[in-house]
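> Sharing a structure below in structure tokens format, with a few things to ask.
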Amino acid sequence: ISDKFSGIMRSLAGKSKITEKNVQEAVEEIKMALLDADVNLRVVRRFINGTMEEATGEKVLKAVDPGQQFVKIVYDRMVALLGDEENQKLLLKGPDTTSVILMMGLQGSGKTTTAAKLALRLKKEGRRVMLVAADLVRPAAILQLQVLGEAVGVPVFSLEGEKNPAKVAKAALAQAKKDQRDVLIVDTSGRMHLDETLMDEIQKVRDAISPDETLFVADAMTGQNAVTIAKEFEQKVGISGVVLSKFDSDTRGGAALSLRSVVGKPIKFIGVGEKVEDLDPFYPYRIASRILGMGDIVSLVEKAQSVVDENAAIRMQEKMAKNTFDLQDYLDQLNSMDKMGSIDQLLEMIPGAKGQVSEDDVNTEEIRREKAIILSMTYAERSNYHIMGPTRRKRVAKGSGTTVSDVNRLLKKFEKMRLTMKKLAKNKKYQAEMLKQMGM
Ligand code: GDP
Ligand code: MG
């Protein structure tokens, strides 16, 4: 492996620093990707500019180009912006009192469904949940919640004939306390568009029950529009958390980034289907990857970051050129490969590299064995494998829990490797070909 791999690393030498110029192409691509993902245009601009400022002058890793590294920086910032696990937890009080969750959002955004999904989730956590039907606008709304409540095994509170949702909510809270229910989830009505009546109504419900958590439910497919709506809800009612429904659609989820950067409230869950089980915690890593859609480049840079020590790479090149590459160097390389996880995966991501290394070369079992063998050798043996006579081979096999033929195979392979390296180090044509294959 190591000869070919080093060759790849060598030819991939990056330019030294990130500048506006050498990442221009990447910036354009990222902009397109974000707009494609339906991220709000202003959010895209602000986000990219901010990232550019932060990244300019940063040193580029040897194994990637500045554009690739910029993609990774964008990704990291996006993950950070989307939030951390801590603020994604529901703001609930302990089980000895009644916590209140208020659901709000436009009509059809998924409030009622999400209320039932949350009820199920909390019930599974051992909470005693009660749902409240405070959507009194749509005729079938109460029935819809009752059906869902039945499906998840959670009681649904409603008041026959009552037209005031705040009154229903208040009565529900009293009932919940009496029944020692520790979480109350209040479903409210939505409108097709924002209007004063809707906001008025929700404010009154809010004031009647003082929710611990006010969840704004937005359809992930509404993309840019979600921002305007969320801002309005934030100003008029106050949002403590966001649920993005319908993430199972083919949306890339740009709304998540827009919402987060404009409203600044944590996204706590995503809806991933119509069934009551279809509610997932919000994972910033996963969503950032989906929004940016450049997961391959991101993982490539991550791997390069975690492993490639520039100086080590240069030293290795020199050794190869001078043909002083020894078994200790080989061991070092095997160790750094290990950190990268599967070499296969890494090669997958480098254009043109795949065919250069055969399946057998990346056999992890073999890597493990080879490492054990080299570790059982003395430093003198590692630096000069020629002294490995039959007695030494037998001793090393025993010490490493392998067989003499395993040791023989490694030494033979290493000998061949050194020969190839020697040739490659001299061959300019080969190096040029490598570069071309990788489109550089
Ligand atoms: P509400 O008007 O805000 O209460 O919205 P509903 O809860 O009634 O949901 C509106 C429609 O969206 C219903 O047909 C739901 O089944 C559907 N829905 C809600 N959440 C999701 C989701 O996460 N994925 C999918 N595919 N459909 C959803
Ligand atoms: Mg509803």
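Each value in this text was obtained by applying a stated rule to the coordinates, not by laboratory testing. This is a predicted model, so every value here is computed, not measured. Here the Cβ positions follow ideal geometry from the backbone for every residue, glycine too, while neighbour counts run over all protein chains shown.
> Taking the convex hull of the alpha carbon atoms in the stretch 92-282, what volume per residue do you get, in Å³? Don't skip to the end; give the middle numbers.
Numbers: hull volume 19.6 nm³, N = 191.
Normalising the Cα hull of the stretch 92-282 by residue number yields 103 Å³.
> For the stretch 47-55, just list the computed ³J(HN,Hα) in residue order, Karplus coefficients 6.51, -1.76 and 1.60, θ = phi - 60°, integers in Hz, with x standing in for Gly and Pro.
5, 5, 4, x, 5, 4, 4, 5, 8
> For K17, which sequence-distant residues (separation of 5 or more, or a different chain) have an amide H within less than 5 Å of its own amide H, given hydrogens modelled in the peptide plane?
Hits under the 5 Å cutoff: V60.
> Using the Karplus equation 6.51 cos²θ - 1.76 cosθ + 1.60 (θ = phi - 60°), what ³J(HN,Hα) coupling, rounded to whole Hz, does each residue of the stretch 146-163 give in order, writing x for Gly and Pro?
In residue order, the calculated couplings are 4, 5, 5, x, 4, 4, 9, x, 10, x, 10, 8, 8, 10, 4, x, 6, 10 Hz.
> Where in the stretch 188-212 does the amide nitrogen come within less than 15 Å of the point 7 Å from the Cα of K231, taken along Cα to Cβ?
194
> Here is a follow-up. For a Förster distance of 56 Å, can you work out the FRET efficiency between the beta-carbons of E25 and E365, rounded to the nearest 0.05?
Details: r = 41 Å, r/R0 = 0.73.
Computed FRET efficiency for E25 and E365: 0.85.
> Go from 0 up to the bin containing the longest alpha carbon distance in the stretch 25-90, width 5 Å each, and give me the % of pairs per bin.
For the stretch 25-90, the pair-distance distribution reads 3, 15, 26, 23, 15, 11, 5, 2, 0.
> To continue, here is another question. Enumerate the amide H contacts of D219 below 5 Å, restricted to partners 5 or more residues apart or on another chain; note that Pro and chain-start residues carry no placed amide H.
Answer set, sorted by chain and number: S245.
> Let me ask another. Within a 10 angstrom radius of the beta carbon, how do L411, L34 rank from fewest other beta carbons to most?
Working: L411 17, L34 26.
Starting with the residue having the fewest Cβ neighbours, the order is L411, L34.
> Now a separate question. Multiplying the sequence separation of S383 and M32 by 0.36 nm and subtracting their Cα-Cα distance, what value in nm do you get? Can you show the working numbers first?
Numbers: separation 351, 0.36 × 351 = 126.36 nm, distance 5.20 nm.
Extra length available between S383 and M32 comes to 121.2 nm.
> How high is the relative contact order of the stretch 13-85? Use alpha-carbon pairs under 8 Å, at least six apart in sequence, and give a whole percent.
Details: 67 pairs, mean separation 37.4, N = 73.
Across the stretch 13-85, relative contact order equals 51 percent.
> When Lys and Arg each count +1 and Asp and Glu each count -1, what net charge do the other residues less than 15 Å away from R77, Cβ to Cβ, add up to?
On the way: positive: K31, R45, R46, K72, R260; negative: E53, E54, E58, D76, D84, E302.
So the environment of R77 carries a net charge of -1.
> Taking the Cβ of A55 as the center, what net charge do the other residues with Cβ under 11 Å away carry, scoring Lys and Arg +1 and Asp and Glu -1?
Summing Lys and Arg as +1 and Asp and Glu as -1 gives -1.
> Now a separate question. Calculate one ³J(HN,Hα) per residue across the stretch 412-421 by plugging θ = phi - 60° into the Karplus curve 6.51 cos²θ - 1.76 cosθ + 1.60, and present them in order as whole Hz with x for glycine and proline.
5, 4, 5, 4, 4, 4, 5, 4, 4, 4
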